[in-house]
Every structure is written in C-alpha cells, then in structure tokens.
1. Would you work out the relative contact order for the chain, in percent, from Cα pairs under 8 angstrom that are 6 or more residues apart?
2. Per the helix-only calculation at 222 nm, which mean residue ellipticity applies to the chain, given -39500 (n - 2.57) for every DSSP H run of n ≥ 4 and division by its residues, nearest 500 deg cm²/dmol?
3. Could you calculate the FRET efficiency of Ala231 with Glu187 from 1/(1 + (r/R0)^6), where r is the beta carbon distance between them and R0 is 22 Å, rounded to 0.05?
4. Just how large is the dipole of the chain about the Cα centre, in debye to the nearest 20, putting +1 at every Lys and Arg Cβ and -1 at every Asp and Glu Cβ?
5. So how do 238-250, 98-110 stack up, highest first, on mean other-Cβ count within 10 Å?
6. What distance in nm lies between label points placed 7 Å from Cα along the C-beta direction at Asp267 and Asp15?
7. Subtract the Cα-Cα distance of Ala285 and Ala334 from 0.36 nm times their separation in residues, and report this length gain in nm to one decimal.
8. Once you place label points 7 Å from the Cα toward the Cβ at Leu251 and Ala58, how far apart are they in nm?
Amino acid sequence: MTGRVPEAMRAAYIDCVGPADGILYGELPVPPVGPTDVLVRVDAVAVNPVDTFVRSGAYATPLPFPFVVGRDLVGAVAMAGPGAPGFSPGQRVWCNSLGHAGRQGACAQYATVAAERLYAAPPDIAGEHLVAAAHPAASAWLALFRHGRLRPGETVYIGGGAGNVGGAAVALAARAGARVVATARAEDAPWVRGLGAAEVLDHRSPDLVGQARRAAPDGYDVHLDTSGRGALADAVDLLAHGGRLVAMVGLGRAATELPVGRLYTRDASIVGFAISNATTADLAAAAEGVVRLLGQTPWRPRVAGRLPLSMTAEAHRRLEAGEVRGRLVLTVAAGNGR
Ligand SMILES: NC(=O)c1ccc[n+]([C@@H]2O[C@H](COP(=O)([O-])OP(=O)(O)OC[C@H]3O[C@@H](n4cnc5c(N)ncnc54)[C@H](OP(=O)(O)O)[C@@H]3O)[C@@H](O)[C@H]2O)c1
C-alpha cells in the first residue's frame, strides 16, 4: 500500500439515470477490494460520449446506485489483492472498462479495478494522453481488427478521420499496411494525411460520395464511419466484394432501409460493434494496440481541456451541448479532491 487509504473519498456519482445536472459530487466510502482486484488512486479520468449515454440511460446497462460515473482512468496502485499478481503499490496503471455492466466508475479519488481490466502505464507516455486515448483508440483497434477483420493491402474508408476514434483508426490502419481513405474538414486534412491516410476527402463536399467512389474504384474492404452522418445506402454501395461495414455510431438514429440487394450480391456484411460488449481478452489486446499507437505513431488524442473532478456534471453538459472538440480530462486531486 502507498500511504494510508482513507475510508471515504470524493466522487462524482448519480442516484438515478437522468440529465447531467443529476451528477452529484460528494463523499462515498472507498470501495472494497476483492482478492483479484486492485485499488487505484485515480489521477485523471477522460469524459467520453458513452459516459453521457450511460448516465442518461440512453445506453441501458446495470448500474449499482449510488453509481460513480466514468469509464477510463489513469492512476497509481494503492493496494493489490493477493490474486492480482503483477501489480505493486505506486505502479502507474490505466483502465478503460469501468462504469457499466454493474461495475462502478472512474470519477472518484479511488476505484477498484479487476486485475484483468488493468494495464501497466508505460513511463514514456503522458498520463493525460493515455487516459484520453483509452476509449477512442481501443474502440478504433477493435472496430478495425476484431470486427472489420482488416488485413494488410486492403482499402479502408474512415469517416471522421480527424475525430478521436477516427484519427486513431487512420493511424492504426495505415500502420497495419492498409490503404486509408479518410474524411475530414479541409483544415484537418494535412494532419490526417500525416497519420497515414493516402487520401483525405472534405466531409463538407456535396460530392463526397462521388469522391469516395473515385478514390476506391474497386470498393472498400472495410467501411468505418465515426461521424454518424453518412447514409447507409451510400456506405453499402461503396463496399467491395466481401466488404465489411462496421456500424458503431448512431444510437437513437432513425431506421433507414437496408439496400439488401447491393449487400448480398457482393457477399458483403454489416457488423455492429460496441466496446461495452468486448471481452477482457479483446480489451487487453486492444490495450496493447493503444500503447503501440501512442508509442510508434504521430497520433495523439485531442485534449479539449481539463477540469477538476468536482466539475464532472459541467463536463457532461458541455459534451452533450456539442461544445467539446476532443476529450475533456478530469483531474483528481488528493486530499479533499476539490
Ligand atoms: N460503438 C462503440 O463501441 C464506440 C466506441 C467509441 C466511440 N463511439 C462513437 O463514435 C463516435 C465518434 O466518437 P469520437 O470520440 O471520435 O468523436 P469526435 O472526436 O467528436 O469525432 C467525431 C467526428 O465526426 C465528424 N463529423 C461531425 N459532423 C460531421 C458531419 N456533418 N459530416 C462528417 N463528419 C462529421 C467530426 O468532424 P469534425 O472534426 O470536422 O467536426 C469528427 O471527426 C461517437 O458517436 C461515439 O459515441 C462508439
């Protein structure tokens, strides 16, 4: 144990699902630590769109109340259970799968994490980058390689290539030897090209679909839209023979008709993916991908700003109001945590 672990901690939590102003900031007991768990003293937490879906109830998942919000953390081991080998007090660690499926979240001074969900933080990667990358980059890795089954030499379409998931996907796919065609606003095109995109199309162009077709006349082996703006019929039409469309955005979007003929006559497929369903083995494989991405490519998550943990409700409000371009990072102070 590093220092004394107090009995109570400051935390951002809810008593029921609902709007952002239902997030309370106050004292809760430090959570118990089971034999295969690690108690982490939290340094920083990233705020992701999915945190707002869980808090509001838009994404239904079992939540124990009072429920501490937040999915990703970076921090230091305070105490490790006897069945959590490989973790020692003071060690820097990170996690990206708290705060859903019955697990308490990360927005607190301390969080209990099952050892199989906790990863060592490399000393040469800034904690802020790691925590801001944790969710979007792991999602990009799983979408491309587990669900999209992307292989070297294939062509991949990445919509929203300057976003947090999209940028990570561009860098990961290019590093894996795929040809990447991405979309972004014009001013972001140089950055997205720098991540390895062969072509960057302006997502504001009225002829975006035509440009995407000309950029890959034989079609796309993998289609990954992170903006939620593209039309399903166009995306299916752009697929190559055997192409895979990975659907990962658009919660609550209205139903659209599937152009089924164009899908099946090409042996193409649509696969849905939510990282919330990932196994611990897949999450661990993705975590290695995240660390390689940060260590070996120019991609870094866009950090939109930093707020103290006490302003978690404000962070959710700003994110839902569309005021955030990048990730807000919540910093967690020791002591009273204000
Ligand atoms: N299924 C899963 O497991 C999973 C996991 C992680 C994230 N997600 C979802 O993935 C989505 C992206 O997350 P993120 O963190 O990457 O968000 P983000 O950083 O805000 O990126 C969103 C991207 O969409 C682009 N975009 C916005 N409006 C557009 C438009 N009208 N036309 C074309 N592109 C547009 C943005 O472009 P500009 O930069 O030019 O505005 C940006 O590149 C979210 O909906 C999130 O909930 C799903």
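1. 18 percent.
2. Roughly -7500 deg cm²/dmol at 222 nm, from the helical runs in the chain.
3. Values: r = 25 Å, r/R0 = 1.11.
E(calc), rounded to 0.05, equals 0.35.
4. 320 debye
5. Highest mean packing first, the order is 98-110, 238-250.
6. Result for the modelled spin labels: 5.9 nm.
7. The Ala285-Ala334 span can extend by a further 14.5 nm.
8. So the two model labels end up 0.6 nm from each other.
Any read-out appearing in this document is the output of simple, stated calculations on the displayed coordinates, not a laboratory observation. Bear in mind that the values here come from a model prediction, so they are computed numbers and not experimental data. Glycine gets a Cβ as well: all are built from the backbone with ideal geometry, and neighbour counts include every protein chain shown.
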